[in-house]
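The values are calculated or read from the model by the stated rules, or taken from the named source; none is laboratory data. Quick caveat, the model's predicted, so the values are computed rather than measured. All Cβ positions, glycine included, derive from the backbone under ideal geometry; neighbour counts span all protein chains shown. With ligands, DNA and RNA removed, areas are computed over all heavy atoms of the protein, side chains included. Shrake-Rupley method; radii C 1.70, N 1.55, O 1.52, S 1.80 Å.
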Amino acid sequence: MKTGNQSVETDFILSGLFQYGQMDNFLFVAIVTLFSVALMGNIILVLLIQLDIRLHTPMYFLLSQLSFIDIMYISTTVPKMTTDFLTKSKTITFLGCEIQAFVFLALGGTEALLLGFMSYDRYEAICHPLHYPVLMSKNICWFMVTCSWGSSSINALVHTLYAFQLPFCRSRIVNHFFCEVPSLLPLVCQDTSQYEHTVLLSGLIILLLPFMAILASYARVLTVVFQVSSGKGQTKAISTCSSHLIVASLFYMTTLSTYARPHSFHSPEQDKAVAVFYTIITPLLNPFIYSLRNKEVTGALKRLLASLIFVQEMSL
């Protein structure tokens, strides 16, 4: 047991998103393209916010944190998945699976809480503009970010340590394309119904409460806008709020579908399809929906490109 057989018995096998059929090459190219665009969009947004002093505001500070999370979030699953496809290998070590599950859970929880704080920022900016500098000071912004990272990391650590000390059956085939706590529970050789209640409770606190806060915040924002703005202002507010709500709903509804149901109600193929939305699609859409449509961000991008062109011309 101390030879190479031990690694075989302790490693997990990911069934993967690809089934090595005719459509897999197209799916592989599509996922790599989406990953590249998401990575580029979020990196550009972080750099713009850091380099342009006009974007040094609470809203863009929180957006830069969201982009930073999305960069790591999508990088937790896609590189491993694409590497497995190219090497035709589906194994992941026990420790590697544990680390991936922890990092993914921590980042997902942080994003869920941060999106709620971002909606609060918009609520204060529009509904209490005179008090906004005090209510969204630099210290409060850092407090929000620290709370998001700290609470979600503690939650992820508790769930990961508990889930991975459970007795796994001899079968180590994870019917998913990455290690996620709900996808590991069917492999456990004991009743996990009690533990699933704690997963459900955590999901309701970290996912449902921020989502309800977002809905309440935007409802109040739209109410205020309709009371004080003209038709053009109302149209812009509806367009902005609706796009934000669509992306937020996509993230929260898909994650709740995974973390707020017992594993007996899960379908592996459905879980994989749902996971694509909150692991790849959401990090892809976030920078475009929340920022790159804004005039301030597009203006910062134009100024950065103009300065780069000027520097290049001066060097010639």
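At a glance:
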{"quantity": "Among residues of the range 220-237, those that are open to solvent by 80 Å² or more (accessible area, probe 1.4 Å) and either modelled with pLDDT of 80 or more or not basic (Lys, Arg) (or both), counted", "calculated": "5"}
{"quantity": "Odd one out for Ser217, checked against (1) modelled with pLDDT of 90 or more; (2) crowded, with 17+ Cβ neighbours inside 10 Å; (3) farther than 25 Å from Ala248 by Cβ", "calculated": "(3)"}
{"quantity": "In the range 138-156, residue nearest to Val224 (Cα to Cα) [restricted to those that are in contact (Cβ under 8 Å) with a residue 24 or more places away in the chain, surrounded by fewer than 18 Cβ atoms within 10 Å (Cβ to Cβ) and hydroxyl-bearing (Ser, Thr, Tyr)]", "calculated": "Ser151"}
{"quantity": "Within the range 144-228, helices (runs of 4 or more DSSP H) holding 2 or more residues that are farther than 30 Å from Pro129 by Cβ", "calculated": "181-184, 193-203"}
{"quantity": "Matching residues in the range 258-280 - criterion: being over 15 Å from the mean Cα position of the chain (by Cα) and either touching a residue at least 12 places away in the same chain (Cβ under 8 Å) or not in a helix (DSSP H, G or I) (or both)", "calculated": "Ala260, Arg261, Pro262, His263, His266, Ser267, Pro268, Asp271, Lys272"}
